[in-house]
1. Straight-line reach from residue 86: which lysines have Cα under 19 Å away, leaving out those fewer than 8 places along the same chain?
2. Mind checking the dipole of the chain: about its Cα centre, +1 per Lys or Arg Cβ, -1 per Asp or Glu Cβ, Debye to the nearest 20?
3. Given 0.36 nm per residue, what is the gain on full extension from residue 7 to residue 39 after removing their alpha carbon distance, in nm?
4. Quick one: check the C-alpha center-to-center distance for the range 86-110 versus the range 13-61, whole angstrom.
5. Any idea of the accessible area per residue across the range 1-51, 1.4 Å probe, to the nearest Å²?
6. Report the local net charge at residue 41: Lys and Arg +1, Asp and Glu -1, summed over other residues whose C-beta lies under 15 Å from its C-beta.
Amino acid sequence: QVQLVASGGGFVQPGGSLRLSCAASGSGSSPNVLGWYRQAPGKQREFLASVTSGGTSNYADSVKGRFTISRDNAKNTVYLQMNSLKPEDTAVYYCAAVLGSRGDWGQGTQVTVSS
């Protein structure tokens, strides 16, 4: 099982930026895919971005151009750089990992975008 510990969430004003980090541990191999999801109150969990071990990224249309996912394989860490944040970005953000047939979730971190 991959353990995922996220950090970097918090409060930010509209138009501001945050960078989320998620460190993966507990596995002898790096996850095949690392990604970010979010869930706002009353809504389903939403896919945001993913990146493979080879560095290939994929983005939801809703965040393309504003959010950037990156991965440091040496540190087993995935990042989500979030720019031009909007109030509708307010949600609990989760990192996720796929290793072989397993999928694991991080604990989630709150991001609040408000003036």
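The values are calculated or read from the model by the stated rules, or taken from the named source; none is laboratory data. Predicted, not measured: the structure shown is a model, and the values here were computed from it. Please note: Cβ atoms are built from the backbone with ideal geometry, for glycine as well, and neighbour counts cover all protein chains shown. Only protein heavy atoms, including side chains, enter the accessible area calculation; ligands, DNA and RNA are left aside. Shrake-Rupley method; radii C 1.70, N 1.55, O 1.52, S 1.80 Å.
1. Once the sequence-local lysines are set aside, what remains near residue 86 is 43, 64.
2. Charge dipole, the chain, about its Cα centre: 40 debye, nearest 20.
3. Extra length available between residue 7 and residue 39 comes to 9.9 nm.
4. Value for the Cα centre distance between the two parts: 6 Å.
5. Accessible surface, normalised per residue, equals 51 Å².
6. Summing Lys and Arg as +1 and Asp and Glu as -1 gives 0.
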